[in-house]
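Here is the structure we will look at, set down as structure tokens.
The values are calculated or read from the model by the stated rules, or taken from the named source; none is laboratory data. In this text, all values refer to a predicted model and were calculated from it rather than measured experimentally. Here the Cβ positions follow ideal geometry from the backbone for every residue, glycine too, while neighbour counts run over all protein chains shown. The accessibility values were calculated without ligands, DNA or RNA, using every heavy atom of the protein model including side chains. Shrake-Rupley method; radii C 1.70, N 1.55, O 1.52, S 1.80 Å.
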Amino acid sequence: MSQTHVCPHCNQELTPWLGPPESGWGEILVCNNNECPYFKGSPSTIRNTDEASPLGCRYALDPANDYTPFSLVAWHGACRD
Ligand SMILES: [Zn+2]
């Protein structure tokens with residue numbers, strides 16, 4: 001089970017990441033590449049908040065769910081509670 005998973009958008013190897021306890025995700029695999037086109041392009045697709053909110057989406061896989069891809073909403077730059 002040492003399969004390598006890469007991001008289909010930038011071909012970077014996905015990094016294991018432990019989600020926040022409240023998310024219930026456990027360990028997921030995330031593309032941490034800040035140059036990833038998926039990540040860089042995401043701010044234009046989620047504009048449900050004000051422009052100052054640096055929301056972005058990272059490509060992620062959920063190993064607990066048959067490696068189903070999903071968008072991990074990331075806060076880069078700002079801290080929010
Ligand atoms: Zn990527």
Lone unmet requirement of (1) at pLDDT below 75; (2) open to solvent by 50 Å² or more (accessible area, probe 1.4 Å); (3) of a type outside the set (F, W, Y) for G24: (1)
Under 8 Å between Cβ atoms, at least 6 apart or on separate chains: pull out the pairs that start in region 28-43 with a residue that is open to solvent by 30 Å² or more (accessible area, probe 1.4 Å) and modelled with pLDDT of 85 or more and end on any residue that is hydrophobic (A, V, I, L, M, F, W, C) and outside any loop (DSSP other than H, G, I, E, B). N32/W17; N33/F39; Y38/C57
Give all pairs with beta carbons closer than 8 Å in which a residue from region 56-72 that is within 18 Å of E13 (Cβ to Cβ) and outside any helix (DSSP H, G or I) meets a residue that is open to solvent by 30 Å² or more (accessible area, probe 1.4 Å) and small (G, A, S); count only pairs at least 6 apart in sequence or on separate chains. R58/S71; Y59/S71; A60/S71
